[in-house]
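What follows is one structure encoded as structure tokens, with my remarks underneath.
The values are calculated or read from the model by the stated rules, or taken from the named source; none is laboratory data. In this text the structure is predicted, and so the values were computed from the model without any measurement. Heads up, the Cβs are rebuilt from the backbone with ideal geometry, glycines too, and the neighbour counts pull from every protein chain shown. The accessibility values were calculated without ligands, DNA or RNA, using every heavy atom of the protein model including side chains. Shrake-Rupley method; radii C 1.70, N 1.55, O 1.52, S 1.80 Å.
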Amino acid sequence: MLRTLPAWQALAEHAQSLRPTHLRELFAGNPARFDHFSLRHGKLLLDFSKQRVTEETLARLRQLAQELRLDAWTARLRAGEAINHTEGRAVRHMDLRAGDSAPPEVKAVLSRMAAFCDAIHSGTWRGYSGDCITDVVNLGIGGSDLGPRMVVQALSAQHQLDIKVHFVSNLDGADLASTLAHLNPRTTLFIVASKTFSTLETLTNARTARDWLLAAAGQTAEAVAKHFVAASTNLKATREFGIADENVFEFWDWVGGRFSLWSAIGLPIALAVGYRNFTELLAGAHNLDRHFLEAPAEANLPLTLALLSLWNTDFLNAASHGIFPYSQSLSLFPRYLQQLEMESNGKLYDRAGDPVDVPTCPIIWGEAGTNGQHSFFQLLHQGGQPIPSDFIALGKSDYPLHGHHTALLANCLAQSAALAFGQTAEEASASGIPEHLLPYRTFPGNQPSTTLVLGELTPYTLGQLIALYEHKVFCLSVLWGLNAFDQWGVELGKVLASRLTPVVRGEADDHTLDSSTAGLITHLRQFRMS
Ligand code: F6P
């Protein structure tokens with residue numbers, strides 16, 4: 001029981017005494033607050049001075065981490081133990097980016113990926129008609145989509161190659177159909193990306209894509225061999241689909257789906273930005289791994305992010321957490337983090353099977369700046385709910401257009417300052433706001449935020465950024481006592497969907513359905529469905 005731990009109780013008391021203190025006062029009381037509450041690692045800067053914490057808060061949080069044996073769990077992670085206990089699996093995604101010290105099987109797949117990228121980029125790999133490949137479509141969902149999709153977009157400034165990479169994930173035919181509408185079967189390659197190779201969405205899209213190809217190429221196994229490759233752990237299923245073993249880029253059950261972009265699941269990244277850049281991404285993540293494993297608690301960036309998240313969630317009652325990259329290239333980062341954080345730590349039962357007695361993962365959401373300022377920021381400023389956020393800024397723009405980047409940065413800084421310090425009625429009045437409008441022109445402030453600055457957005461710094469959040473998630477799972485590496489919560493819906501599919505199609509009836517589901521099915525059956 002977390003609440004009964006002495007370190008937890010001490011934090012609860014401390015939170016009680018700190019609650020009335022506004023961020024304005026914390027800054028006024030410590031002119032060097034930025035220096036005291038910011039960390040650097042290489043070109044990364046983490047400024048958490050706008051969090052509602054003091055030195056004492058951090059010391060107490062670190063004490064809690066120590067009492068909860070974070071160091072022991074980190075050692076188990078590092079040793080490759082089967083810490084995913086509900087699935088009996090090791091958690092070894094750090095091995096995928098370990099460079100020279102990576103296991104031989106990892107190196108072997110990486111070198112096959114390198115050779116494949118070379119064959120596609122040089123035009124030696126040809127389609128069924130002898131044409132070079134110009135378009136690659138990644139068919140995957142969840143961890144087999146969100147990571148590579150986010151990275152490919154984030155590194156768009158590095159797309160020097162004549163290959164366009166597309167992503168299709170949704171079961172809704174609109175996703176695949178609208179992508180295929182612009183493509184030529186002779187020059188299109190499909191990557192079927194699925195750890196299990198049993199995921200409904202991915203296999204449905206893969207079968208339809210195969211039909212599309214064969215309708216143009218004729219029913220030949222050779223066409224499938226030249227236009228379909230897979231990234232999977234399930235060689236039996238890839239074979240059954242018709243993909244030859246030499247076209248399967250393997251990974252292993254010790255790679256969790258949402259931690260898999262470093263594996264063969266990263267093939268679309270390597271195709272979009274070049275294999276060399278893909279290795280830079282891995283190198284950046286490896287660098288952050290070393291930092292996480294070696295830096296002391298006071299200097300440890302992932303641990304600091306995790307402690308701040310726990311503080312905001314469990315002691316300042318924040319139910320959600322905003323992610324605001326002030327970078328259009330990182331606009332998919334919040335979506336990627338939604339799976340990473342919420343599929344990992346959106347759980348109620350701890351490792352012993354007991355309910356956790358404190359709130360766990362907050363709702364992760366967000367949007368690129370400045371877009372969010374013109375939609376939901378109103379609620380952050382005046383909605384009255386505590387909503388912590390992470391601002392992510394680039395020192396240098398990846399698309400330097402005159403005047404844009406400095407204005408973007410000014411907005412990023414303005415928002416976090418406005419959220420932290422607000423505007424009092426006196427200040428509003430002094431700036432000439434009429435009396436009757438003062439309530440509406442007052443900003444309470446005191447919204448905590450962290451600002452993370454990447455010198456620039458390169459494959460290396462992006463690798464660091466992603467690994468930073470991966471380790472944050474791991475630290476949080478240890479603090480809450482959770483297994484971050486399973487996702488049983490997604491299963492029930494899958495089972496129900498397969499039971500309902502024949503009923504929706506009108507091929508079966510189910511008299512045990514609740515009246516809402518039954519009523520909706522009756523209504524929907526009047527439309528023609530396929
Ligand atoms: O449904 C959840 C999930 O299992 C995710 O954890 C995973 O990333 C996604 O589905 C896709 O799974 P697969 O790669 O096996 O197709």
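Couple of notes before you dig in:
- A Cα-only calculation for the range 79-118 places Rg and Dmax at 12.8, 40 Å.
- Gap separating the Cα centres of the range 409-429 and the range 324-382, nearest whole Å: 23
- Whole-percent carbon and sulfur share, accessible surface of the chain, 1.4 Å: 55
- Close amide-amide hydrogen proximity is noted between ILE83 and VAL91, each under 5 Å apart and 5 or more residues distant or on a separate chain (H modeled in the peptide plane; Pro and chain starts excluded).
- Based on the convex hull around the alpha carbon atoms, the range 410-530 presents an average projected area of 16.7 nm².
- Across the range 293-303, rounded Karplus estimates of 3J(HN,Hα) from the backbone phi angles (6.51 cos²θ - 1.76 cosθ + 1.60, θ = phi - 60°) give 6, 10, 6, x, 3, 5, 10, 8, 5, x, 4 Hz, Gly and Pro being marked x.
- The mean sequence separation of alpha-carbon pairs under 8 Å and at least six residues apart, normalised by the residue count of the chain, gives a relative contact order of 18 percent.
- Distance (nanometres) between label positions extended 7 Å along Cα→Cβ at ALA417 and ALA215: 5.8
- Solvent exposure of the range 286-364, expressed per residue, is 31 Å² of accessible area, with all protein chains present and a 1.4 angstrom probe.
- Here LEU500 and MET1 are evaluated by their C-beta separation; at R0 = 41 Å the FRET efficiency comes out at 0.55.
- In order through the range 121-137: 3J(HN,Hα) via Karplus (6.51 cos²θ - 1.76 cosθ + 1.60), integer Hz, x for Gly, Pro: 5, 7, x, 6, 7, 10, x, 4, 9, x, 7, 6, 7, 10, 10, 10, 10
- In the range 443-530, trypsin sites (Lys or Arg not before Pro) in a DSSP loop with at most 12 other beta-carbon atoms within 10 Å: ARG528
- Rounded to the nearest 10 Å², the accessible area of PHE116 at probe 1.4 Å: 10
- Under 23 Å between alpha carbons - lysine pairs in the chain that sit 8 or more apart or on different chains: 15
- Coordinate range of the alpha-carbon atoms in the range 196-331 per principal axis, descending: 61, 33, 31 Å.
- Value of relative contact order over the range 98-273, rounded to a whole percent, pairs C-alpha under 8 Å and six or more apart: 29
- Extension gain, ALA174 to HIS402, is 78.3 nm, computed as 0.36 nm per intervening residue step minus the present C-alpha separation.
- Long-range HN-HN contacts of ASN138 with modeled amide H, under 5 Å: HIS166, PHE167, VAL168, ILE191
- Dipole axis of the chain (+1 Lys, Arg; -1 Asp, Glu on Cβ), positive-most option in LEU281, ILE466, HIS22: LEU281
- Simple spin-label estimate for ASN30 and ARG525 in nanometres, 7 Å along Cα-Cβ: 6.6
- Charge sum, other residues only, whose C-beta stays under 14 Å from ALA418's C-beta, Lys/Arg counted +1 and Asp/Glu -1: +2
- Rounded tilt (10° steps) of 459-480 against the dominant C-alpha axis of the chain: 70
- Separation of alpha-carbon centers, the range 177-223 and the range 251-275, rounded to whole Å: 20
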